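Participant: The following block contains the structure, expressed as structure tokens.
What follows draws every value from the coordinates through simple rules; no lab data is involved. Computed from a predicted model, the values in this text were never measured in an experiment. Cβ: placed from backbone, ideal geometry, glycine included. Neighbour counts: every protein chain shown.
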Amino acid sequence: MKVLLTGFEPFGEHSINPSQLLVDSLPDQYQDLFLTKCILPVDHHQAPPMLFDAIHNHQPDTVISFGLAAGRAKITLERIAVNLLDFNIEDNSGTKIVNQPIVEQGPAAYFSSLPIHGMLAGLNQGGIPAELSLSAGAFLCNQVFYLLMHQVKSLNKPIQAGFIHLPALPEQATASNQPTPSMSMEHMKKAAYLILEKLNRV
């Protein structure tokens, strides 16, 4: 079974991105899963074609996209992506989009097709703080999540796909001027393995 994992490069005030570090740290194979990886730019023009190319080139059975949600204390399994771009900061191309659809005339929203309830149970049983989330925001994480699900639907293949947000790392919390919850990379890696173990085998 082939799993495509995506993360993001650093953006905004963040000099590192735990989603990139996590994805890069995982092995090429875990149990019966063959893992391929793609680090996406935080650029609303460049990220979508890179995502689509990765799906086309690797033909995965599952796609799990990871991103940073600084300020959240838990790993959050996103339930829904909405058809909205509404940035509160510029992306790495210097663009700030306000109140625009991701896909003109596209569905208002897509739901994750990952087994997120089983993943949540596995994370909690494994001692990892985690919860379900009803908002992936309106920045690049939501854009990639929405376009991922839109692409899967257009391919008409049984690909399970979805998005997971990670907290900041301790070093990011230390560098921040604001109180910032954090989680170690060791715990994030444990979480990633627990998540992979809950995938529906095909």
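Participant: Where in segment 51-82 does the amide nitrogen come within less than 19 Å of the point 7 Å from the Cα of ILE16, taken along Cα to Cβ?
Facilitator: Flagged as within label range: 66-75.
Participant: Around PHE34, under 12 Å between beta carbons, what's the net of Lys plus Arg minus Asp minus Glu among the other residues?
Facilitator: On the way: positive: LYS2, LYS37; negative: ASP28, ASP32, ASP61.
Net of charged neighbours comes to -1.
Participant: Still on this model: Return ASP43, ASP91 ranked ascending by Cβ neighbour count within 10 Å, so the fewest neighbours appear first. Walk me through the intermediate numbers first.
Facilitator: Numbers: ASP43 18, ASP91 22.
Sorted ascending by nearby Cβ count, the order is ASP43, ASP91.
Participant: Grab the Cα-Cα distance for GLU9 and THR95, subtract it from 0.36 nm times how many residues apart they are, and report the gain in nm with one decimal. Walk me through the intermediate numbers first.
Facilitator: Details: separation 86, 0.36 × 86 = 30.96 nm, distance 1.61 nm.
Here the answer is 29.4 nm.
Participant: As a test of the formula, what do you get for the chain when each DSSP H run with n ≥ 4 contributes -39,500 (n - 2.57) and the sum is divided by the residue count, at 222 nm and rounded to the nearest 500 deg cm²/dmol? Display every interim value, and only then the final one.
Facilitator: Numbers: 6 runs with 65 residues, N = 202.
Mean residue ellipticity at 222 nm (helix-derived): -9500 deg cm²/dmol.
Participant: Computed from the coordinates I sent, mean projected area of the Cα convex hull in nm² equals one of [x] 12.6; [y] 11.5; [z] 10.5. Tell me the label.
Facilitator: Looking at mean projected area of the Cα convex hull in nm² for this model, the match is [z].
Participant: What shape does segment 78-193 have by the C-alpha gyration tensor, where a ≥ b ≥ c are the square roots of the eigenvalues, rounded means a/c under 1.5, and otherwise prolate means a/b greater than b/c and oblate the rest?
Facilitator: Working: a/c = 2.52, a/b = 1.19, b/c = 2.11.
In terms of gyration-tensor shape, oblate.
Participant: Top mean-square fluctuation among SER133, SER15, SER112, Gaussian network model of the chain, C-alpha springs under 10 Å?
Facilitator: Judging by the Gaussian network model, the answer is SER15.
Participant: Take LYS74, LYS157, LYS198 and order them by how many other Cβ atoms sit within 10 Å, fewest up front. Write out the running numbers ahead of the final one.
Facilitator: Working: LYS74 20, LYS157 11, LYS198 16.
Exposure proxy ranking, most exposed first: LYS157, LYS198, LYS74.
Participant: While we're here: So what J values fall out for segment 95-102 if you push phi through Karplus, 6.51 cos²θ - 1.76 cosθ + 1.60 with θ = phi - 60°, rounded to Hz, Gly and Pro as x?
Facilitator: Computed from phi, the couplings for segment 95-102 are 9, 10, 9, 10, 6, 10, x, 6 Hz.
Participant: Would you order LEU196, LEU84 from fewest to most other beta-carbon atoms within 10 Å of each residue's own beta-carbon? Walk me through the numbers before you get to the answer.
Facilitator: On the way: LEU196 21, LEU84 17.
Ranking LEU196, LEU84 by Cβ neighbours within 10 Å, fewest first, gives LEU84, LEU196.
Participant: Starting from the Cα of LEU134, step 7 Å along the direction of its Cβ; do the same at GLU186; then give the gap between the two resulting points in nm.
Facilitator: Label at LEU134, label at GLU186, 3.6 nm between them.
Participant: Below 8 Å, C-alpha to C-alpha, sequence gap of six or more: please give me the relative contact order for the chain in percent.
Facilitator: Values: 399 pairs, mean separation 55.0, N = 202.
Taking the mean separation of contacting Cα pairs over the length of the chain, I get 27 percent.
Participant: In addition: Which residue, chosen from ILE64, GLN178, ASN99, occupies the Cα position most advanced towards the positive end of the dipole of the chain, where the dipole is computed from +1 (Lys, Arg) and -1 (Asp, Glu) charges on Cβ about the Cα centre?
Facilitator: The Cα lying farthest towards the positive end belongs to ILE64.
Participant: Let me ask you something else. Under 12 Å from the 7 Å Cα→Cβ point of ALA109, by amide nitrogen: which residues of segment 64-84?
Facilitator: 79-84
Participant: As a test, work out the antiparallel percent of DSSP beta bridges whose residues both lie in segment 2-197, rounded to the nearest 5.
Facilitator: If I count the DSSP bridges inside segment 2-197, around 25 percent turn out antiparallel.
Participant: Is the shape of segment 1-83 rounded, prolate or oblate, going by the alpha carbon gyration tensor and its root eigenvalues a ≥ b ≥ c, with a/c under 1.5 for rounded and a/b larger than b/c for prolate?
Facilitator: On the way: a/c = 1.57, a/b = 1.32, b/c = 1.19.
Verdict is prolate for segment 1-83.
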